[in-house]
Amino acid sequence: MDRYAVIGQPIAHSLSPRIHADFAQQTRIALEYEAIEVSQAALEQELSKLHRAGYKGLNVTLPHKVSVAAFCETRSERAKLAGAVNTLVRSDTGWNGDNTDGEGLIRDLRDNLDIEVRGRRVLLLGAGGAARGVIGPLLAQSPAELVLSNRNPWKPEALAEHFKPVGALRPCTHLALKGDRFDLIINATSAGHSGEMPRLPGQLLAEGGACYDLSYGSAHAPFHAWAESQNASLIADGIGMLAEQAAVAFELWNGVLPRTDALIAVLHKALW
Ligand code: ATR
């Protein structure tokens, strides 16, 4: 039976084994998918071990999404642009690194939530690894503008420079957003994991605008409460993106794109 795994630290609460078990059942492809705890120090050795053991594909989660690139034989253009890898595809001689996070977000916005990015004013909060993964795919949708704001002012400026060849990104601090209005606000900060929300100026969401969080579960609560205070017409957590990035990874490995709608509903029920 083909073997797959997600590697990270911590990994015990990963939803990936459950998601891929659903895809396997749905597509009638027999596979085994495990969650394996891997420390930073053991990453290179573990990747070689899993390759030798014949694993066909791996998902990579925190804290390895950036560092794993050094151990990839090749990387896709989107993984290079993001500077992060979340999916490894086996070749005879090593691992090919890809990044399905951005496509996962776009698929969730477009196919599941009917949220348009094209021609809209979009604000992305946060300038860490999670934000890097989605900037390229968001720019490819041709928003009217994409503003990247962060607590630390230097990171958005560096990212605007990095992404210049693919599109314009306006870097700023959260506080400099005062007076701006957006149709879509996406939270890519990790603040929710400490029960926090970035400090933002008053009203930022335009009438009828939507709010999307890359976090889910209890980490989504602070952003959800803030989005309610902005009178958002729609508030979404990152479960849809999680399922979609997994579906795209599954397709890279097996050539079949599984459905995600029923699974997303089940995961929401389990988490709330
Ligand atoms: P990830 O890979 O999850 O993006 P990261 O690279 O550590 O993690 O980035 C975390 C992001 O969340 C950063 O944009 C960080 O802001 P700073 O660069 O200013 O530190 C943001 N963040 C984390 N906690 C925050 C908080 N309490 N308030 C505002 N922003 C926060």
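The values are calculated or read from the model by the stated rules, or taken from the named source; none is laboratory data. Quick caveat, the model's predicted, so the values are computed rather than measured. Cβ: placed from backbone, ideal geometry, glycine included. Neighbour counts: every protein chain shown. For accessibility, only protein heavy atoms count, side chains too; no ligands or nucleic acids. Shrake-Rupley method; radii C 1.70, N 1.55, O 1.52, S 1.80 Å.
What are the residue pairs meeting all of these: first residue in the stretch 242-256, first residue without any contact (Cβ under 8 Å) to a residue 24 or more places away in the chain, second residue β-branched (Val, Ile, Thr), Cβ atoms under 9 Å, and 6 or more apart or on different chains?
Final answer for the pair search is Glu251/Thr100.
I'd like the residue in the stretch 1-28 that is in contact with a Pro (Cβ under 9 Å, 6 or more places away or on another chain) and open to solvent by 40 Å² or more (accessible area, probe 1.4 Å) and, out of all such residues, is nearest to Leu58 (Cα to Cα).
Going through the qualifying residues, I end up with Gln9.
Which condition breaks for Leu113 when tested against (1) within 15 Å of the ligand (Cβ to nearest atom); (2) within 27 Å of Gly8 (Cβ to Cβ)?
(1)
Report whether or not Val122 is closer than 22 Å to Lys155 by Cβ and more than 13 Å from the ligand (Cβ to nearest atom).
It is true that Val122 is closer than 22 Å to Lys155 by Cβ and more than 13 Å from the ligand (Cβ to nearest atom).
Restricting the search to the stretch 124-166, which residues are among the small types (Gly, Ala, Ser) and either assigned to a helix (DSSP H, G or I) or surrounded by 17 or more Cβ atoms within 10 Å (Cβ to Cβ) (or both)?
Within the stretch 124-166, Gly126, Ala127, Gly129, Ala130, Ala131, Gly133, Gly136, Ala140, Ser149, Ala158, Ala160 qualify.
Do any strands (runs of 3 or more DSSP E) lying entirely in the stretch 178-272 carry at least 2 residues that are of a type in the set (Ser, Thr, Tyr), and which ones are they? Quick ask: steps written out before the conclusion?
Numbers: elements: 182-187, 205-213, 234-236.
The strands (runs of 3 or more DSSP E) meeting that bar number zero.
Out of all the residues in the stretch 126-145, which are modelled with pLDDT under 95 and hydroxyl-bearing (Ser, Thr, Tyr)?
Answer for the stretch 126-145, where residues must be modelled with pLDDT under 95 and hydroxyl-bearing (Ser, Thr, Tyr): there is none.
What are the residue pairs meeting all of these: first residue in the stretch 188-212, first residue of a type in the set (Ser, Thr, Tyr), second residue away from the ligand (no atom under 14 Å from the Cβ), Cβ atoms under 6 Å, and 6 or more apart or on different chains?
Listed pairs, sorted by first residue: Tyr212/Ala236.
Please go through (1) surrounded by fewer than 19 Cβ atoms within 10 Å (Cβ to Cβ); (2) touching a strand residue (DSSP E or B) at 6+ places or on another chain (Cβ under 9 Å); (3) part of a loop (DSSP other than H, G, I, E, B) for Val117 and return the number of the only condition it doesn't satisfy.
(1)
Report, by residue number, each residue of the stretch 43-70 that is away from the ligand (no atom under 13 Å from the Cβ), polar (S, T, N, Q) and over 16 Å from the mean Cα position of the chain (by Cα).
Gln45, Ser48 - these are the residues of the stretch 43-70 that are away from the ligand (no atom under 13 Å from the Cβ), polar (S, T, N, Q) and over 16 Å from the mean Cα position of the chain (by Cα).
What about Lys178, is it open to solvent by 60 Å² or more (accessible area, probe 1.4 Å) and either away from the ligand (no atom under 16 Å from the Cβ) or not basic (Lys, Arg) (or both)?
yes
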